[in-house]
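S.K.: Can you read through this structure? Questions will come right after.
The values are calculated or read from the model by the stated rules, or taken from the named source; none is laboratory data. Everything numeric in this text was worked out from a predicted model, so none of it was measured. All Cβ positions, glycine included, derive from the backbone under ideal geometry; neighbour counts span all protein chains shown. Note: areas computed on protein heavy atoms with side chains; ligands, DNA, RNA excluded. Shrake-Rupley method; radii C 1.70, N 1.55, O 1.52, S 1.80 Å.
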Amino acid sequence: MPQETKLQRYRKRASAIKSDRTSWETHWRDIQQFISPRSGRFCLADSNQGRKKSQRIINGAPTQASKVLGAGMSSGLTNPAKPWFRLLTSDPLLMEVASVKQWLFVVENRMRDVMQRSNLYNALPQCYRELGDYGTAPIWIEEDDAEVIRFYPMTVGTYWLATDHRRDVDTLYRELKMTTRQIVDKFGITNVSLTVREQYNSGKFETTHDVAHLVCPNADRQYGKIDAKNKPWSSCYWLCAGNDDKFLSERGYDKKPFVAPRWDVLGEDIYGSSPGMDALGDAKMLQVREKQFALAIDKGIDPPLYGGPELQNKTVGALPGSVTIVNPSQGAGAPLAPIYQVRHDYQGAIADKQDIIQRIRDAYYASLFLLISGQADDPRKTAYEIGKIDQERLLMLGPVLQRLNNELLDPTIDRVFAVMFERGMLPEPPPQLQGQALHIDYISILAQAQKFLMTGSIGQFMQFVGGLAALSPSVVDKVDFDQAVDEFANDIGVPPSIVRSDDDVAALRQAKEAQKQAQQMAAMAPAIAQYAKAAKDAGGAVAEPGSLLGAAGAAVNAGAAG
């Protein structure tokens with residue numbers, strides 16, 4: 001029996017991964033239809049299609065709530081206008097070394113510059129919105145000659161995922177629609193199938209093909225080899241159609257080339273749950289209520305009528321100033337009247353609709369994210385104030401932010417750092433950092449609000465101590481004010497260049513103390529000279545301990561010793 005090839009194994013695995021996702025697709029399609037109609041590609045035929053997709057949406061409040069979450073997460077977590085992360089050492093004592101702090105500061109600035117020049121801040125808002133709607137939002141991360149690094153966000157339906165034994169996403173499968181020309185340009189004429197080669201040679205460049213791509217840990221890796229096929233991560237392309245047992249490309253990566261953040265994960269679920277799933281029932285109900293409300297208004301403005309037989313086959317004028325002729329023999333009764341009296345509770349209907357909209361907005365944390373957006377326009381409002389105003393939603397959002405740190409932001413920053421380091425774009429680290437691990441601390445407005453909410457603020461502590469000091473001044477001895485300054489500066493992300501190190505502060509204080517003593521000696525010089533003369537005139541008189549003469553003699557002796 002012939003041994004199964006690598007491509008055959010990969011095809012089987014791709015089929016199994018696709019089967020695992022089917023139970024999620026109905027839910028995702030509902031969210032697409034009622035909340036986010038322009039997202040989602042559930043088959044390759046959907047690609048690059050501009051047809052109308054919002055037929056199920058009458059009231060756009062759910063779509064707007066989705067947009068608010070995407071923009072709010074972008075502003076609150078990864079605002080490109082402000083530093084939102086910093087690098088720290090695993091040893092807190094090293095953070096007191098001026099050369100270490102300065103190196104980290106330079107590296108952070110260079111990384112932010114690369115991120116600004118890349119498309120990261122275009123990709124992240126789409127990622128956040130997909131997370132809010134569908135619960136999962138992978139991004140492909142690739143080195144780029146023009147921008148150093150480039151990010152390719154994926155929409156729901158275009159990818160399939162699998163997890164390892166630790167329930168971390170370690171496998172990404174996707175299917176792409178590519179033209180003959182694109183396939184040859186990307187993989188080379190010698191690597192394509194005979195059919196694609198014939199199409200290319202005959203000039204059929206725009207014929208489309210379905211291409212499969214699987215990225216996973218490389219189980220076939222031969223340790224000791226460093227070629228593309230033996231990297232820790234395998235990345236293989238092949239044509240979906242055809243029986244050719246040949247990869248279009250069989251390469252690999254040293255680091256995982258994608259991130260797959262999830263909003264929330266339950267149990268062994270591969271894909272995440274989301275605010276969109278929570279709001280879906282209300283989103284459907286809102287469209288029903290909007291139809292009913294519109295129908296009620298129509299009935300009130302243009303109610304159904306009944307009339308006498310003389311109006312049969314006659315045109316009835318319904319416009320202002322129009323005339324309808326009736327047979328006078330039928331009497332003076334009104335020929336037209338409403339079938340029934342429509343008595344609408346418009347205010348109650350509006351209140352019910354607003355209640356549904358509010359539930360949708362709450363599911364998407366709209367009030368919190370609008371508050372953060374307002375903070376961006378009002379710098380006087382601090383992260384602590386935001387935490388105090390919306391504590392409940394911040395508490396609910398805490399586990400989500402921690403998951404996004406682990407599954408989205410940490411690996412993204414690690415990938416940027418690794419690419420820049422390999423390209424020689426980072427300065428040589430100081431000797432103290434040799435063998436030291438770095439970790440990431442987040443200083444975005446949301447991260448700071450979470451810190452203030454969970455741990456309390458140094459400012460509150462100082463106010464408390466200040467109040468006690470009025471009753472017992474010695475209580476200030478409990479506070480290390482120098483360390484308080486360092487901790488507060490770290491919490492709010494103050495550049496290390498404007499905070500002196502402990503060694504610099506000690507040297508500065510020593511110099512100040514010496515200067516103070518010199519000034520005191522200079523001020524005492526006239527008195528010392530006078531007392532010294534008095535002592536001389538006294539002819540060796542013995543000074544009583546504690547007397548002014550004794551103090552003068554001690555000062556003279558100290559000056560002589562100096």
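S.K.: Under a straight-distance cross-link criterion of Cα-Cα below 25 Å, which lysines are reachable from Lys451, leaving out those fewer than 8 residues away in the same chain?
M.R.: Lys82, Lys101, Lys381, Lys388, Lys478
S.K.: List the lysines whose alpha-carbon lies under 18 Å from that of Lys533, not counting same-chain residues fewer than 8 positions away?
M.R.: Counting by Cα, and skipping residues close in sequence, Lys533 has no lysines nearby.
S.K.: Give the relative contact order (percent, whole number) for segment 228-298; include only Cα pairs under 8 Å separated by 6+ residues.
M.R.: 22
S.K.: What spacing in nm lies between the two simple spin-label points modelled at Ala16 and Asp168, each 7 Å away from Cα in the Cβ direction?
M.R.: So the label points at Ala16 and Asp168 sit 2.1 nm apart.
S.K.: Subtract the Cα-Cα distance of Arg500 and Arg38 from 0.36 nm times their separation in residues, and report this length gain in nm to one decimal.
M.R.: Full-extension gain reported as 161.1 nm.
S.K.: Let me ask you something else. Do any GluC sites (Glu not before Pro) in segment 255-314 lie in a loop, going by DSSP, with at most 10 other beta-carbon atoms within 10 Å of their beta carbon, and if so which?
M.R.: Glu268
S.K.: Would you please give the FRET efficiency between Ser322 and Leu370, computed as 1/(1 + (r/R0)^6) with r the Cβ-Cβ distance and R0 = 41 Å, to the nearest 0.05?
M.R.: 0.25
S.K.: Over the Cα atoms of segment 112-219, Rg to Rh with Kirkwood Rh, two decimal places?
M.R.: Result for segment 112-219 is an Rg/Rh of 1.04.
S.K.: What nm distance separates the two modelled labels at Asp91 and Glu428, each placed 7 Å from Cα along Cα→Cβ?
M.R.: Label-label distance for Asp91 and Glu428, simple model: 2.0 nm.
S.K.: Same structure again: Which aspartates and glutamates, if any, have their Cα less than 17 Å from the Cα of Lys231, not counting same-chain residues under 8 positions apart?
M.R.: Cα-Cα hits under 17 Å: Glu142, Glu143, Asp170, Asp220, Glu250, Asp254, Glu422.
S.K.: Please identify the trypsin sites (Lys or Arg not before Pro) of segment 56-92 that satisfy two criteria: DSSP loop assignment and at most 15 other Cβ atoms within 10 Å. Which are they?
M.R.: In loop regions of segment 56-92 (DSSP not H, G, I, E or B), the sparsely surrounded trypsin sites (Lys or Arg not before Pro) are Arg56.
S.K.: In the full protein assembly as shown, how much of Phe464 is accessible to a 1.4 Å probe, in Å² to the nearest 10?
M.R.: Estimated to the nearest 10 Å², Phe464 gives 130 Å².
S.K.: With each label point set 7 Å from Cα along the Cα-Cβ vector, what nm distance links Glu487 and Lys314?
M.R.: 9.0
S.K.: Assuming 0.36 nm per residue, please report the length gained on full extension of the stretch Ala296 to Gln530 beyond their Cα-Cα distance.
M.R.: 73.7 nm
S.K.: Please sort 476-488, 173-185, 236-248 by packing, taking for each peptide the average over its residues of neighbouring beta carbons within 10 angstrom, highest first.
M.R.: The peptides rank, most packed first, as 173-185, 236-248, 476-488.
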